[in-house]
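The values are calculated or read from the model by the stated rules, or taken from the named source; none is laboratory data. Keep in mind that what you see is a predicted model, and the values were worked out from it rather than measured. Please note: Cβ atoms are built from the backbone with ideal geometry, for glycine as well, and neighbour counts cover all protein chains shown. With ligands, DNA and RNA removed, areas are computed over all heavy atoms of the protein, side chains included. Shrake-Rupley method; radii C 1.70, N 1.55, O 1.52, S 1.80 Å.
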Amino acid sequence: MEPAFAVLVGLFFAVAIYLMLSKHVIRILLGVAIFGNAVNLLIFTSGRVMREVAAIIPEGATTLAGPVANPLPQALILTAIVISFSFFAFLLVLAYRAYQELGTDDTDGMRVAEPEGEPLPPIGY
Amino acid sequence: MNGDVLLILIVVLPFVGSVLAATFRPNARNSEAWLAGGVALACLILAAIAYPAIVEHGAIRSESEWLPTLGLNFTLRMDGFAWLFSVLVSGFGFLVVLYARYYMSPHDPVPRFFAFLLAFMGAMLGMVISGNLVLLVIFWELTSIFSFLLIGYWHHNAGARDGARMALTITGIGGLGLLVGVLLIGHIVGSYDLDRVLAAGDQIREHDLYVPALILILLGTLTKSAQFPFHFWLPNAMAAPTPVSAYLHSATMVKAGVFLMARLWPVLSGTPEWFWIVGFAGMASLLVGAFFAIFQHDLKGLLAYSTISHLGLITMLLSLGSPLGAVAAIFHMINHATFKASLFMAAGIIDHETGTRDMRRLGGLFRYMPITATLAMVASAAMAGVPLLNGFLSKEMFFAEAIETHAKSVLDTSAPYVAVLASAFAVTYSLRFIHTVFFGPKPTGLERQPHEPPFWMRFPIQFLVLACLVVGTIPALTVGPFLHTAVISVLGPNTPFYSLAVWHGFTLPLLMSAVALVAGVVLYLLLNGYLNRSEAGPPFIRRLQAQRIFERVLVVLSWKWARSIEARLGTRRLQPQLRLLVVAAFIAALLPISLDDLSLTSLRISEIDAVFVLIWVSGICCAVSAAYQAKYHRLAALILLGGAGLSTCITFAWFSAPDLALTQLLVEIVTTVLLLLGLRWLPKRIEEEGPKTVSLGTRFRRVRDFGIAVAAGGGVGVLAFVAMTSPVPLETVASYYLEKAYVEGGGKNVVNVILVDFRGFDTLGEVSVLAVVALTVFALLRRFRPAADSIAVPDQQRMQNDFDEAEPDRKVGDTIADYLLVPAVIMQWAFPVIIVLATYLFLRGHDLPGGGFVAGIAMAAAFILQYMAAGTRWVEERLRILPVSWIGLGLLLAALTGMGAWLFGYPFLTTYSQYVELPTVGATPLATALLFDLGVLGIVVGATVLMLIALAHQSTRGLRSARVATEAEQEEA
């Protein structure tokens, strides 16, 4: 089981990184979306994987007995999901506005702030 | 009054006053002056109240904990020396405020001026009464920052900006040095407490780190006191308003440097290193400052160089390491403050009344302003060291010290000659100040007719000049006791016998004074003609200015070198940066693995489940094809992306993480909707025509990126594998949560309890991020709508309209209006169902999978469905969704719930839980965590809906204008 899961995580990472290394904003965007999944799965593995033992205290008991899924990575991932969702939404809108303003989705073409071959500003006070 | 309260009030009052002052109307000169003057006077009175206790006990202290684990306490400590400076700072502060009331023009924005001035005063007071060296450095830096703001007050003036920046750069660098030096001292002594440091003199001087600590501390003090070779910032700082100059040059800023040298004098002085560094800086400043002052044409320039020279005198006195020298130094600090403040104020009045400070244009002002002229003359005489004035007394003491032999060296042998020479120069420039400004022919070409200033503007000068005279004639009866208190607190049992008499008989110092006076007058007579013709600056070395060197260095360092490093190493493109980041992360992860060999021996591998593998394989396929399709078919990539997300979701569900699965599912939905909305506005990729030729560079880039991606992915895969298969330690962080979740958190869903209770603060931060992102998205899109004609009607709608046109019995737009009618009705009916489901998810969250976040997303999805079903206008005509209010109320509720715990004396976000029997619903957990979760729900609903609506609204303008256009067409028809 574990090797297969590891392959999944590794491949998600590889795909996400390959997409993020692209010049085009949309591919970067897709890459970020997959990257979020990949990171969450990686965090998930740190708690080991176990089936059908959710960290929910049964009716009438006050603590959990026996082996149980690790709740800490889960709580971390819940936070991570929200943050990666926010990040993704922000990136999407930024890409949209950048495309509208600059007319390109190629990051190499976005050169308003730092034009290529810009002359040096004057030296001295 | 209690000493504790008193000291804290002295430090806090000016800052409170500063905040108040900033709130006044821009032209409220009078009320600002009342406030600032009142604060200064209050500090002065507080200091006066403290005096008896200081005489009796030596020092008063106030100590409160600040960062006890680091050995840092907020210690305030006022001994005689600190008292003297507190009086100087607050007293001169009061006079400067009074003067500034008349100096500032009604057009100047005075709230800023008085706010900065008061804050500067507070920083200065805090600095002098700090009882902890680190605290002292903090106030020290504050004085640098506020002096920067004060010097640059007239920021429309380039000179003011440059002067302010230079002052900040120099004193800031010095301040950093001082901080490190103080940390070294703290390391040597084992405490930052001033009392303990002052008691550890021998320990510090004998330590190996003494020399580095000394050099760093002196870097701080010498830059602050504008001592050679850091003197050049001071003349440039004269671009400040004159009241500020008067304050900086007299009781504050430059005095801070010599204050600290005197403060640490008992522990740092007496070594050859101290003697050489401090002595050289002092002597060079004394001579260079006095010499340069002669050749200035600007009144304030002359005074600024004279300040450098007089501060050099004080520094040199401190360098000698003899107690008498220290006494003279402290005495001269007072005297210099008195005459220099009055001279700056007089220069300000001259500038104010004539419109110029250029001595070549001024002359004969005595007949217009006799009283000011007389006052300025007395003050100049004090600066020159004329008998019966206070400057004379401390100068005599300086001469007496200069002729003493302290250590056989060049510095020592030359001291008397340098002293006489510098004094002669002082006489020359003082004489020039008086002669060229007040005597000689009437000035021509002035902008206005000069006259006496208002009485209260002249009052501070009168007061200070009177002080010069009184101290100069009866020193022992006036300043004597206070000076003694200050000296004792610095020197302790080593306090020597000294006499403050005016007449000591015919001694060598008296002869030196006489020689300096005569030589100065002769020099002035010789130079007078030349000075009025020449350019500003001393002859021959006029071009050699430390300021120019400094600017050169700055340009080379911060511009040329920085640029060349950037040109060589930097990149302005995103991809190389990302690539570097990935590679760096890869290497960083590889290092510990290669160092700490992985033992793959004790692996536990569970047996394989075919269904799982199938799901994962399809997940992988989805991800890989999404990457492939990203280039050609965006929509397909999007759907495949959803597939990858779904496989993650199922993985969570099967591996005992129901909360994650639920959240992942809903977030995946909202993400897809967002992308669908956004894709319409993003560029379509048009496939290139003709045979594809991929350049070699592109091919190389692809292979390289592929290699990096595979390597990184492989690494992470191995990491995940090792993590999953290595044995679990018996006790983990999670055990704590598992044990306490129900007992202390009152919830059975441990993950949810962690989020809303144990780590509630994290969750608050996380949802705040979400809120901020939503508002940013809103701000990015709100004022921006694409022009109507730039939006092409989607292909599908165009086809539908074409169909309508072709059919005789249909109007254009009919098909669109009926589009997806059945699903639309279902979606509308689903609205209440989803709301109920969301409520259910929310209520059970504490005990079973669910919670505020999931419920929020579900609710947001309900709203979005309505938008999708019926369009923006239809929904907004019926529903008033106020997402920003949702966000605001949610944040408020979450924060208030957290603060509610304070009412019961618990820390922020402590929860209370109880089960409540509700009719029909049954036993419901009603923890305060539920209220917090309700806040989370509000934020999530608001943020998600806000983002989606903002994107959806992008098309409304196009539709609206299109409708207006069709309506117009119909009317025409």
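A quick yes/no check of all residues on (1) closer than 19 Å to residue B:230 by Cβ; (2) hydroxyl-bearing (Ser, Thr, Tyr):
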site: B:250; (1), (2): no, yes
site: B:258; (1), (2): yes, no
site: B:263; (1), (2): no, no
site: B:268; (1), (2): yes, no
site: B:283; (1), (2): yes, no
site: B:288; (1), (2): yes, no
site: B:292; (1), (2): yes, no
site: B:298; (1), (2): no, no
site: B:302; (1), (2): no, no
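Would you mention how many residues in segment A:13-32 are in a loop (DSSP other than H, G, I, E, B) and facing chain B (nearest Cβ under 7 Å)?
Just the residues of segment A:13-32 that are in a loop (DSSP other than H, G, I, E, B), to begin with: A:21-23.
The next check asks that each one be facing chain B (nearest Cβ under 7 Å); those that pass are A:21, A:23.
Here the count works out to 2.
Quick check: is even one residue across segment B:843-854 of a type outside the set (A, V, I, L, M), in a helix (DSSP H, G or I), over 22 Å from residue B:772 (Cβ atoms) and within 14 Å of another protein chain (Cβ to nearest Cβ)?
Yes: segment B:843-854 contains one or more residues that are of a type outside the set (A, V, I, L, M), in a helix (DSSP H, G or I), over 22 Å from residue B:772 (Cβ atoms) and within 14 Å of another protein chain (Cβ to nearest Cβ).
On the basis of being assigned by the TED database to the domain that holds residue B:296 and exposed (fewer than 15 other Cβ atoms within 10 Å of the Cβ), does residue B:441 make the cut?
yes
When residues of segment B:614-637 are filtered for being open to solvent by 50 Å² or more (accessible area, probe 1.4 Å), closer than 22 Å to residue B:680 by Cβ and either among the aliphatic types (A, V, I, L, M) or outside the structural domain of residue B:651 (by the TED database) (or both), how many remain?
Going through segment B:614-637 one residue at a time, the tally reaches 1.
Note down all Cβ pairs under 9 Å where the first residue falls in segment B:339-353 and is open to solvent by 10 Å² or more (accessible area, probe 1.4 Å), the second is among the β-branched types (Val, Ile, Thr), and they're at least six residues apart or on different chains.
What qualifies is B:351/B:242; B:352/B:242; B:353/B:372.
State all residues of segment B:489-522 that are touching a helix residue (DSSP H, G or I) at 6+ places or on another chain (Cβ under 7 Å), open to solvent by 70 Å² or more (accessible area, probe 1.4 Å) and farther than 20 Å from residue B:391 by Cβ; if no residue qualifies, say none.
B:494
Which number in (1) part of a helix (DSSP H, G or I); (2) surrounded by 18 or more Cβ atoms within 10 Å (Cβ to Cβ) marks the one condition that residue B:153 misses?
Result: residue B:153 fails condition (1) only.
Are there helices (runs of 4 or more DSSP H) fully within segment B:626-745 with at least 3 residues that are within 28 Å of residue A:91 (Cα to Cα), without any contact (Cβ under 8 Å) to a residue 60 or more places away in the chain and in contact with a Gly (Cβ under 8 Å, 6 or more places away or on another chain)? List them.
Output list reads B:634-654, B:658-679, B:696-725.
Within segment B:48-77, can you find the residues that are closer than 16 Å to residue B:483 by Cα and of a type in the set (Val, Ile, Thr)?
B:54, B:55 - these are the residues of segment B:48-77 that are closer than 16 Å to residue B:483 by Cα and of a type in the set (Val, Ile, Thr).
Could you count how many residues in segment A:89-104 are part of a helix (DSSP H, G or I) and more than 8 Å from every other protein chain (Cβ to nearest Cβ)?
4
Could you grab the pairs with beta carbons closer than 7 Å, sequence gap of 6+ or different chains, first residue in segment A:33-57 and more than 7 Å from chain B (Cβ to nearest Cβ) and surrounded by fewer than 22 Cβ atoms within 10 Å (Cβ to Cβ), second one assigned to a helix (DSSP H, G or I) and not hydroxyl-bearing (Ser, Thr, Tyr)?
A:35/A:16; A:35/A:20; A:39/A:80; A:43/A:73; A:43/A:76; A:43/A:77; A:43/A:80
Do we have residue B:944 as closer than 30 Å to residue B:743 by Cβ, within 39 Å of the chain's Cα centre (by Cα) and either at pLDDT 75 or above or open to solvent by less than 10 Å² (accessible area, probe 1.4 Å) (or both) here?
Spelling it out, it is not the case that residue B:944 is closer than 30 Å to residue B:743 by Cβ, within 39 Å of the chain's Cα centre (by Cα) and either at pLDDT 75 or above or open to solvent by less than 10 Å² (accessible area, probe 1.4 Å) (or both).
Scan segment B:599-608 and tell me whether some residue there is part of a helix (DSSP H, G or I) and without any contact (Cβ under 8 Å) to a residue 24 or more places away in the chain.
No, that holds for no residue.
Kindly indicate the residue of segment B:562-597 that is facing another protein chain (nearest Cβ under 10 Å), among the charged types (D, E, K, R) and part of a helix (DSSP H, G or I) and also surrounded by the most Cβ atoms within 10 Å (Cβ to Cβ) among those meeting that condition.
B:579
Every residue in segment B:505-521 that is in a helix (DSSP H, G or I), over 20 Å from residue B:296 (Cβ atoms) and of a type in the set (Val, Ile, Thr), please.
Answer for segment B:505-521, where residues must be in a helix (DSSP H, G or I), over 20 Å from residue B:296 (Cβ atoms) and of a type in the set (Val, Ile, Thr): B:515, B:518.
From the residues in segment B:212-221 that are open to solvent by 10 Å² or more (accessible area, probe 1.4 Å) and under 26 Å from the mean Cα position of the chain (by Cα), which one is nearest to residue B:180 (Cα to Cα)?
B:216
Only one residue in B:879, B:841, B:891 is under 15 Å from residue B:752 (Cβ atoms) and not β-branched (Val, Ile, Thr), so which one is that?
Testing whether each residue is under 15 Å from residue B:752 (Cβ atoms) and not β-branched (Val, Ile, Thr) leaves just B:841.
Each row is one residue, and each column tells you yes or no for (1) open to solvent by 40 Å² or more (accessible area, probe 1.4 Å); (2) more than 10 Å from every other protein chain (Cβ to nearest Cβ).
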residue	(1), (2)
B:671	no, no
B:677	yes, no
B:696	yes, yes
B:723	no, no
B:766	no, no
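With respect to residue B:485, determine if the residue is of a type in the set (Ser, Thr, Tyr), over 27 Å from residue B:305 (Cβ atoms) and assigned to a helix (DSSP H, G or I).
Details: of a type in the set (Ser, Thr, Tyr): yes; over 27 Å from residue B:305 (Cβ atoms): yes; assigned to a helix (DSSP H, G or I): yes.
In short, yes.
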